[in-house]
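Colleague: Structure below; questions to follow.
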Amino acid sequence: MTKLFLSNRKLSAAVTVVFLFASLLFAAPASAAELTSSLDRTAISENETLQLTVRLNEQVGFNSPDFTALEEDFDILGQQRSSQFRSINGRTEAWTDWTLTLSPKSIGTLSIPAFHFEGAVSDPVEVTVTEASASADGAPQEIFVEVETNKSDVFVQEELLVTIKVHTGVLLRDASMNEELKVENAVVENVSETAYSKQIDGRLYRVLEMVYAIYPQQSGSLTIPSLSWNLIMATDRGSGLRYRFQAPGELRRVRSEPKVIQVRQQPVQYTGDHWLPTRELKLEQHWSSDPSRFVVGEPITRTITMTADGLTSAQLPPLPDQTVPGIKVYQDKPQFDDLKTSKGILGTRIESVAIVPTEAGELTLPEMSVAWWDTEAERERIATIPAQVLEIAPAANSSSNLPLVPPSNAPAGDEDLNDASDTEVAVVQLWPWMLSNAIFALLACIFLIAWLRKRPAQQTTEPRGRTDQSREVQEAFDAVRRACSDNNPRAVRNALGDWGRLYWQLPHAASLQDIDHRCGSEAVTKELAKLDEILYGTQQLGRNVDGWRGDTLWRALVKFKRNDKKKRLQEKANSDQLAPLYPTTQ
């Protein structure tokens, strides 16, 4: 069995090397390093903090950009770094994030400077800092909720941003929303969730901020319903993090006020075929090669990208037909993407077509236009791609037009492409595609054989029917690992709730108190208390909690899980022992 396991490991390693070599052989050249800067919010008051994320699209070992220029306008309260790598459908991505918690030194428009790192330069970013506002009644509250909207009225299907802020001026052990935001006759998207500190009348509050994008589906009055939260306040008795974490807390419920928004109908003067209310809509095109070098029978891919600020990709319509006499068009499946930020949703629809000329001469691709409604200026606008004149050259080594050869993604069965005389041309143009497919098919067979050989060994070493080793529980535990690796406290809290529910078969998501009680581990208790503090505490504890890291908590959980597994195996072994045939009495 050991030899088989080692053989499988060697085979897997060899296959991995072959796969990486083939991927490098057929992959496009790697893009240059790119450095970007982004903020969780671009408008804050002078007593709030904000997070700056600087991302490099490569993994980095130990070095980092020089952030000293930030200290001119900001105090750097904390800094974290995380690296990620993922592979989806053969497409690999890697990046490194530096996340800094900043506090502004003055009001006005402050600039995040450009950073330089390994030859890449980021763009500067601006943030608006306003004066802190005093409380309305002059008496600060311990806990309160604010609901804000970016507009008092919108058009039907226009994006409405709703920001909900839960302010807590006391230490909390837990906070949970009783229900998700649902609005009648509207589509609701959760676009961002963040936590930060804010001073009001000299009192420090921890703010949980949630931003939703709402798309009304009919005109009239739109009601944003009241939402409620259950908050568990930490007791003031005792001292130390562990006592505060384990002692019983006081349950409070806080509720937001409902809001009513007016939704207007589509304007009668709008002439577009599809109703697209947005802040901005763009059309952009990209060619896979120079469009001035069209040759009969040779395909060139044209990619059209439609982006709309304030609409989801599902709201964007298909692009106009690109078919004209003298060409064959092969449509790819559209791609959709939604970029969610605190400013709303940026929807993207990408359509790619392979254009294959069938005759030489001059060819004109007509203008492409899409009408949209500018919600800021309240007027109709047209996004266009101008008409384009193409010169189609005859096929090489031929005085007449060569028969059409379909691109690799063209649908099979076109009667115009099945002439026997096309075989030689088709083979010449398709051999790279056929060779790459053959190599990857071979690699897939090798992986399948290795997996089938390894599968019985795994089944004999892993006990079946064990709840703590089921696939669902392991996936939940992997989610905890990823959240800890990202140093994301709220993601860790959510992942722990799912894992605890599955691991101990609870009827509800496990709270931090549930996990602490069942683990019975000093290390886990200490780290859960730190997590509780970063989520619900304030600086009343007299320490900076912005630099929290999840690796210590992860190691404590792994150690508990290992010990718990040994304990369960020992209990099972004891229960399996047979009772003596002739028990003796004492």
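The values are calculated or read from the model by the stated rules, or taken from the named source; none is laboratory data. Not measured: the values here are computed from a predicted model. Neighbour counts run over all protein chains shown; Cβ positions are idealised from the backbone, glycine included.
Colleague: Which of the residues spanning segment 468-490 are of a type outside the set (D, E, K, R) and surrounded by fewer than 18 Cβ atoms within 10 Å (Cβ to Cβ)?
Modeller: Matches in segment 468-490: Gln469, Ser470, Gln474, Ala479, Ser485.
Colleague: If I ask for residues that are in contact with a helix residue (DSSP H, G or I) (Cβ under 7 Å, 6 or more places away or on another chain), hydrophobic (A, V, I, L, M, F, W, C) and over 20 Å from Val356 (Cα atoms), which ones from segment 291-343 would you list?
Modeller: Phe336 - this is the single residue of segment 291-343 that is in contact with a helix residue (DSSP H, G or I) (Cβ under 7 Å, 6 or more places away or on another chain), hydrophobic (A, V, I, L, M, F, W, C) and over 20 Å from Val356 (Cα atoms).
Colleague: While we're on this one: So Val524 clears everything in (1) modelled with pLDDT of 80 or more; (2) more than 27 Å from Glu193 (Cβ to Cβ) except one condition, right? Which one?
Modeller: (2)
Colleague: How about segment 170-213: which of its residues are outside any strand (DSSP E or B), more than 27 Å from Leu311 (Cα to Cα) and at pLDDT 85 or above?
Modeller: Hits for segment 170-213: nothing passes.
Colleague: Okay, next question. Any chance segment 316-328 includes a residue that's out of contact with any Lys or Arg (no Cβ under 8 Å at 6 or more places or on another chain), hydroxyl-bearing (Ser, Thr, Tyr) and in contact (Cβ under 8 Å) with a residue 60 or more places away in the chain?
Modeller: No, every residue in segment 316-328 fails to be out of contact with any Lys or Arg (no Cβ under 8 Å at 6 or more places or on another chain), hydroxyl-bearing (Ser, Thr, Tyr) and in contact (Cβ under 8 Å) with a residue 60 or more places away in the chain.
Colleague: Quick check on my filter: what residues within segment 139-176 are more than 22 Å from Glu533 (Cα to Cα) and surrounded by 18 or more Cβ atoms within 10 Å (Cβ to Cβ)?
Modeller: Passing the criteria: Val154, Phe155, Val156, Gln157, Glu158, Glu159, Leu160, Leu161, Val162.
Colleague: Being touching an Asp or Glu at 6+ places or on another chain (Cβ under 7 Å), touching a residue at least 24 places away in the same chain (Cβ under 8 Å) and among the aromatic types (Phe, Trp, Tyr), is that true of even one residue in segment 366-378?
Modeller: Yes, there is a match, as at least one residue in segment 366-378 is touching an Asp or Glu at 6+ places or on another chain (Cβ under 7 Å), touching a residue at least 24 places away in the same chain (Cβ under 8 Å) and among the aromatic types (Phe, Trp, Tyr).
Colleague: Identify all residues within segment 504-524 that are farther than 15 Å from Ala556 by Cβ and either polar (S, T, N, Q) or buried (at least 18 other Cβ atoms within 10 Å of the Cβ) (or both); write none if there are none.
Modeller: Gln505, Ala510, Ser511, Gln513
Colleague: Specify which of the listed residues (Glu298, Glu351, Glu359) is in the same structural domain as Ala383 (by TED's automatic domain parsing) and part of a strand (DSSP E or B).
Modeller: Glu351
Colleague: Additional query: Six or more apart or on different chains, Cβ under 9 Å: which pairs go from a residue in segment 345-361 that's farther than 30 Å from Tyr215 by Cα and hydroxyl-bearing (Ser, Thr, Tyr) to one that's modelled with pLDDT under 95 and part of a strand (DSSP E or B)? Could you list them?
Modeller: Partner pairs satisfying both residue conditions: Thr358/Ile327; Thr358/Lys328; Thr358/Ile392.
Colleague: Say we look at segment 271-329 and pick out the residues that are within 33 Å of the chain's Cα centre (by Cα) and of a type in the set (D, E, K, R); which of these is farthest from Gln218 (Cα to Cα)?
Modeller: In this case the residue turns out to be Arg302.
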